[in-house]
Structures are given as C-alpha cells and as structure tokens.
Amino acid sequence: MRTQRSISDGGVDHRGAIAWTALAAAVLCAGLWAASPGLAAADDYTGDHTHPAPDRWTSQYSARIGMGFGKAMGKLESELLYENVIRAEALFGKPGDEHFRFGPALELRSVDLDTIEYAGGAQVLIPAFRGYPIQISALAGYAHRRRIDTNGGIFVGTFAWGYRSYNYHSRYGLGVNAYVSSRVHLNDPSKWEITAGLSFDLGLAVIPVIGITNIIAKRGDPDEPVTHEPSKPAAPAAPAAPAAPAA
C-alpha cells in the first residue's frame, strides 16, 4: 500500500481534488447528452410507440459500478492494486443486438482509496453473442494522487464482455460485465497498471429503492393489485322554482 503523505510533505489536498472531480464529472455528463444526436424522439417509434423504427438511430445510456484487482507494472513500485470505478456511456446506432453502437464514455476511479482519477473518451459496442456484446473503450484524463509529484495525465484502455442487450422500451440499457483495463501514465509511459474485475449496473441498486418508495407512498400490500373506488354519481340538480305571476 502507498505511504500516506501530508499536504506539507507534498500530498494532494483531497478536498480540492474532489471538487475538481465533481466539476469534471458534471462537464463530462453534459457532454454525454450533447454528443448524442441519435436520441430517439416521439416520431422515431412505430405502431404503439414501444419499438423504434428499424432504420432510425437511437441512443441508450448505461452506468455501472465496478470493483477489481490488478498490479502496478513497469517502473512503478510493484504492488497489488484494488480499484473502485464508475463507468457510464451513451451509445447510438440502429436498434437491436445485431448492430454496432458507439458514443462518448466517461470514467471515475479510485485506487486503494489513494487516488481520484477521471477520464473521458469513446466506446464501441461490437455484436458477438445476442445480448452479450464486446465493449472496447479508449479514454484520456487526469489522476490526482496522494503523492503530488506523481499526479498527471493518463490513458485508459478497457475491454469488457457481458450482458448489455438493447432495451426496446427505454433509453437506459442494463449492463453487467467482466472487464480488463490498462492504464498508462502519460508523463512516463514506462509506468502503467493492469486491472481486471466485475462491474454491475447502477440500476440494480436504484430499482429496489424506487420500489420501496412506491410501497411507502401507496401504503398498501405490494402483492395486491391497486383498486380504485368507483366514483359516486353526481346528485341530481334541484328543480327550478316556478316563475312568479305577472302583476
């Protein structure tokens, strides 16, 4: 594990690093939206609006959290690495699992709770087995490390394979996969890292929360259908009073 150093000894101020990371993440997320011209509009769908037109390009988003292990290589001090990473992308192309899709991608990562790294770039989805495509991404970014003299630019290449089927009913696509990632220090390419792990869709954590919230809001048994009481008929209007006779 890396030796911790104080700011006075050359360590990085993590509060500032977190602030810069949050700003970079916001900018990259905005880029995901702005760089996705294939977003499906209402007229991109046919019939009952549940299936996109086969020749229209549409976008689907996905976000996953990953955990992996690896090793520092090259001129880096040889050590075991543990990483936590969040990856997200917006891929566009024709609908269906048989088509290539590509688009912008971003990544936030921490190693041994000792670094804060962010990167953005591009990702391509290559059809392999139906619902289980190959995903390759190439990203560039910056790493804030506890030792400030090791801060610098990074290049990240990731190969992933797993479940990532096209979702015909939503702009969000569920993803679970295994990955192998290589990371090169741009200030010294002889320093690099390799890691491998599993990533799980963030929706798997969000959906149960939404379900529990709905149960609490409705205050009913989740196994029973929702029933609506029939509306009561409106009361008949009172008859109009007879007009007074003329004098």
Sorted largest first, the Cα spans of region 86-141 on the principal axes come out in Å as 41, 18, 13
Karplus-derived 3J(HN,Hα), 6.51/-1.76/1.60, for each residue of region 77-92, Hz, glycine and proline x: 4, 5, 7, 7, 10, 10, 10, 10, 9, 10, 10, 8, 7, 10, 9, 10
If you filter region 75-176 for chymotrypsin sites (Phe, Trp or Tyr not before Pro), then keep DSSP loop positions with at most 16 other Cβ within 10 Å, what is left? Phe100, Tyr168
Whose amide H sits under 5 Å from the amide H of Leu81, counting only residues 5 or more places off or on another chain, with H placed in the peptide plane? Gly70, Lys71, Ala72
Can you work out ³J(HN,Hα) from phi for every residue in region 99-109, in order, using Karplus 6.51 cos²θ - 1.76 cosθ + 1.60 and θ = phi - 60°, giving whole Hz and x for Gly and Pro? 10, 5, 9, 8, x, x, 9, 9, 8, 10, 8
Taking only the alpha-carbon atoms of region 53-200, what semi-axes of the equivalent ellipsoid follow from 5 times the gyration tensor eigenvalues under a square root, in whole Å, largest first? 31, 14, 12
Cβ-derived FRET efficiency at R0 41 Å, Asn84 paired with Ala53, nearest 0.05: 0.55
So Phe129 and Ala217, fully extended at 0.36 nm per residue minus their Cα-Cα distance, gain in nm 27.6 nm
When only alpha-carbon atoms are used, what values of Rg and Dmax, in angstrom, describe region 47-110? 18.1, 60
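Any read-out appearing in this document is the output of simple, stated calculations on the displayed coordinates, not a laboratory observation. Everything quoted here is computed from the prediction, not taken from an experiment. Every residue, glycine among them, receives a Cβ derived from its backbone with ideal geometry; neighbour counts consider all protein chains shown.
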